[in-house]
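Some notes on the structure that comes next.
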Amino acid sequence: MTLITRKQRGLDSKLNEFMGGDFFMTPQGMYSGNKSVPAANIYEDENSYSIELAAPGLKKEDFSIEFNNGLLSISASVEENTQEGRKQTLREFNYSSFKKSFKVAKQKVDDSSIEAEYLNGVLSVLLPKKEEAKMKPKRVIEIK
């Protein structure tokens, strides 16, 4: 069972399901056009879950992270940076707003201790496990 999953979006998720993959994704893992959704890595260890989002070119002030009733939502709001008096002949940098959500088993995560850090273009969100959700060491049961 997966603790955290990507929240599917409308029509593109149905096409992806039908086509057997991310139909609208480019080989670099970004949606084509002006929309881009950062790629994510999800890890688990004995004490926590962690999510990493590749979001270079943003500032930590651009991000908003919310946890509400088992749904972790990460979004960024970015304004277009135009330089007056300069003609742009090529545009490959694309810093656009996004929102990405993850369904979290709220009975397993201590939501009062969630932490986030943005360093070197990677947003890291740490979701500590509740004590009762942590793996217990193996024990031998004595037979009476």
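The values are calculated or read from the model by the stated rules, or taken from the named source; none is laboratory data. For clarity, every value in this text was computed on a predicted model and none was experimentally measured. Cβ: placed from backbone, ideal geometry, glycine included. Neighbour counts: every protein chain shown.
Quick notes on this structure:
- In region 110-144, the residues that are among the basic types (Lys, Arg) and under 21 Å from residue 42 (Cβ atoms): 129, 130, 134
- From the options 127, 90, residue that is of a type outside the set (Val, Ile, Thr) and in a strand (DSSP E or B): 127
- Positions within region 43-75 being in a strand (DSSP E or B) and without any contact (Cβ under 8 Å) to a residue 60 or more places away in the chain, in sequence order: 43, 44, 64, 66, 67, 68, 73, 74, 75
- Residue check for residue 142: assigned to a loop (DSSP other than H, G, I, E, B) and loosely packed, with under 10 Cβ neighbours inside 10 Å: yes
- Candidates 101, 64, 13, filtered to the one that is at pLDDT below 80 and surrounded by 11 or more Cβ atoms within 10 Å (Cβ to Cβ): 13
- Condition met for residue 123 (under 17 Å from residue 36 (Cβ atoms), modelled with pLDDT of 90 or more and not β-branched (Val, Ile, Thr)): yes
- Leading residue by the ranking (nearest to residue 53 (Cα to Cα)) among those in region 76-129 that are free of Cβ contacts under 8 Å to residues at least 12 places away in the same chain and of a type in the set (Val, Ile, Thr): 82
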